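So the structure is just underneath, and the comments pick up after that.
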Amino acid sequence: MDYKRNQKTGVSLMIILALVLVGIGGSVLSPLTIAHATEIGSNQVQGKVLSIQTHAGWGAGRGTIEVKSDQTGRIYTFYVGSRTNYYPHRYPYIGERVRVHYLNDRGYLKATRVEIR
């Protein structure tokens, strides 16, 4: 009789512990999701072009673009290259509004698509 009662108590304690851990995890992870929700989407930034730099030794079209986000005011440096697509098909000017789609490759933000607004 004691075995069944201990087994039921153990199961109920495991359920309570799981619910507590889910509640703690939700409160810990919620600020992280809120911080990412401030931009226009995941891996997307919309803002104003501050500078464009090309690197002579790397070949045509390679370099960096600095964009100041409209939503957060944060300045992002995006690496651009031969795989970056531009819409319309031209490089943006300094001061233009752009939307940048990017990949985070080991800390380097690599632009995959730059839409000129």
Q: Starting from residues that are within 16 Å of residue 52 (Cα to Cα) and without any contact (Cβ under 8 Å) to a residue 40 or more places away in the chain, keep the ones in the range 90-111 and report whichever is surrounded by the most Cβ atoms within 10 Å (Cβ to Cβ).
A: 109
Q.
Condition check: at pLDDT 95 or above and touching a strand residue (DSSP E or B) at 6+ places or on another chain (Cβ under 8 Å). Does residue 40 satisfy that?
A. no
Q.
Tell me whether the range 19-29 contains one or more residues that are surrounded by 10 or more Cβ atoms within 10 Å (Cβ to Cβ), of a type outside the set (A, V, I, L, M), under 15 Å from the mean Cα position of the chain (by Cα) and modelled with pLDDT under 95.
A. no
Q: Take the residues in the range 42-74 that are among the aliphatic types (A, V, I, L, M) and either exposed (fewer than 14 other Cβ atoms within 10 Å of the Cβ) or in contact (Cβ under 8 Å) with a residue 60 or more places away in the chain (or both), then tell me which one is nearest to residue 111 (Cα to Cα).
A: 60
Q.
Tell me yes or no: at least one residue of the range 59-71 is at pLDDT below 90 and closer than 19 Å to residue 101 by Cα.
A. yes
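The values are calculated or read from the model by the stated rules, or taken from the named source; none is laboratory data. All values derive from a computational prediction rather than experimental measurement. Neighbour counts are summed over all protein chains in view; Cβ atoms, including those assigned to glycine, are modelled from backbone coordinates with ideal geometry.
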